Ligand code: HEM
């Protein structure tokens, strides 16, 4: 049993499951809202809005679990990105993904008890979880409570709308890459299994 | 270590909105914008009033909450409460479209005697078209077309002559609005909606026209999400009047069964608001220039044309990502290494 590490405690797994599900719902309804027409539409605009709002609220509360979970538990340390030499490490990892991987080269940053994510993973998780999602939530809230934000002088719906859409695309792209990279593991499905049972299988 | 991180995080989260948004002093400009016309000049300064003294004959009673009257040969001053409906707000009156009118331009000369003659109350008021029809000065408003559309509207169809243009255009205070206030569209919307609500939220005025029970407007529109916000950003006529390309303000109010209920009529690339609410702005400022108050005051119609290029680029980026993923996975399968 030495080649397994218990990486994903139950709170990470449940957070992640809800997060992933809500994210898919948000992307789907978000697209539907942006491309609404009177004749054809995936789902009716009003339904899409209601579902999008609810999913967004669930994701927001769920995000608090992630935020405080990582502050209060040890899981947060995996997200610490050391700037010094960071670029080199990213390039190294990038080379592996674009070349090495096809030649069966060894992993430049093998996963171990102290390193849950490789540098690229770490950076993208860091950016999307601590920048992308919070911005998404804030801009979403301004669109949801325009009157409240109006009251305190923050009336710039134009800007929040722009950021909301922009980030929607960024995070969608992140998710595609994220899910795809999760197939690069011990076996194609082993990472997905770890997200279900909590145990990460080492190579 | 940990404490520091917590504080840093929370501080960042709290700061974000303030970094992102610049408070806009739109409200401060609102009052000013309201008084200026489309050229930005203060129209009122150039106004020369020629009928004020004559009107004071009427207004000495009709602008007060009570009247004092000395009948010929009487020894005692007669005092009476003035009905609130008969009190004219002189400030609004002298700022309305018909700012330089004599009371007796629209009302009989005989009102100058008091007590007013009983039969006067049955006098016909002049209609808008009596003065405005065929006048090239007002061609831009297209009164004839408005009249035509109004005759088709549900109000006229159901109530006929008892529902005239004056029902919506207050005889004393009506002021063109959408045209003059493009810098402050929210105030224009409020003004226009108050026209409708003056009856539809006021049982007394409503039942001047019909004995029917006044339906509760808020209840009837509960299906609109965040209804107060919608009523602040769109006019009743957006949903209730048939758009007419030759008119700035559609006047053909449709029966409720034909009202707009589909969200995508507005929330879509070809929003009907472009042909109604935003028509004036689009015609006068061109599609791509920004309103004077800055783009921060622009309405955001979710699902509208906004950010079209951004969305296109986003879609392309998303597709490219998927293409790269497909290529990468094919290479992985072919190389059989991982
Ligand atoms: C259906 C969609 C998704 C699937 C199938 C999926 C799958 C996985 C898997 C298998 C892992 C474990 C491997 C690893 O640690 O890298 C993981 C971890 C992670 N995923 Fe996802 N994911 C999805 C959506 C998302 C979304 C939308 C986000 C964020 C916006 C996200 C953020 C994360 C993060 C931050 C971790 C690391 C969690 C930790 O251990 O602290 N995932 N995901």
Over the range B:166-216, calculate the relative contact order: mean separation of alpha carbon pairs under 8 Å at least 6 apart, over the residue count, as a percent. 23 percent
Among A:91, A:54, A:165, residue whose mean-square fluctuation peaks in a GNM of chain A (springs only between Cα atoms under 10 Å): A:91
To the nearest whole number, what is the average tally of beta carbon atoms from other chains within 10 Å of the beta carbons of peptide A:182-193? 1
If packing is taken as the average number of other Cβ atoms within 10 Å across a peptide's residues, how do B:206-217, B:50-61 rank, most packed first? B:50-61, B:206-217
Out of every Cα-Cα pair in the range B:78-181, what percent are more than 23 Å apart? 38 percent
For chain A, find the longest principal axis of its Cα atoms and tell me its angle to the long axis of helix A:157-181, 0 to 90°, nearest 10. 30 degrees
Using only the alpha carbons of the range B:186-275, what is the convex hull's orientation-averaged projected area in square nanometres? 6.4 nm²
Partner shielding of A:67-80, as the mean number of partner chain Cβ atoms within 10 Å, equals 2
Report, as an integer, the average count of C-beta atoms from other chains found within 10 Å of each Cβ along A:29-37. 5
For the range B:133-198, take the alpha-carbon Rg, divide it by the Kirkwood Rh, and send me Rg/Rh. 0.99
Once you order the gyration tensor axes a ≥ b ≥ c over the Cα atoms, which shape class does the range A:1-95 get: rounded for a/c under 1.5, otherwise prolate or oblate by comparing a/b with b/c? prolate
The range B:159-230 pair-distance distribution - Cα-Cα, 10 Å bins, rounded %: 17, 41, 34, 9
Helix axis angle, A:45-72 relative to chain A longest principal axis, alpha carbon, degrees: 40 degrees
Pick from A:76, A:104, A:132: which residue has the top mean-square fluctuation in a GNM of chain A where Cα pairs under 10 Å get a spring? A:104
Measuring from the longest principal axis of the C-alpha atoms of chain A, the long axis of helix A:133-144 (C-alpha) lies at a number of degrees, nearest 10, equal to 10 degrees
Evaluated over chain A, the Cα radius of gyration and Dmax, each in Å: 19.2, 59
Please state the relative contact order of the range A:4-201 as a whole percent: Cα pairs under 8 Å, 6+ residues apart? 27 percent
For a protection proxy built on the mean count of beta-carbon atoms within 10 angstrom, sort B:168-174, A:138-144, B:74-80 highest first, please. A:138-144, B:168-174, B:74-80
Among A:10, B:88, rank each residue by its count of other Cβ atoms within 10 Å, from fewest to most, as a rough exposure measure. A:10, B:88
Identify which of A:84, A:122, A:193 has the largest mean-square fluctuation in a Gaussian network model of chain A, with springs joining Cα atoms closer than 10 Å. A:84
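Here, each number is a calculation from the coordinates, and none is a lab measurement. Predicted model only: the values in this text are computed from it and were never measured. Note that we place each Cβ from the backbone using ideal geometry, even for glycine, and neighbour counts take in every protein chain shown.
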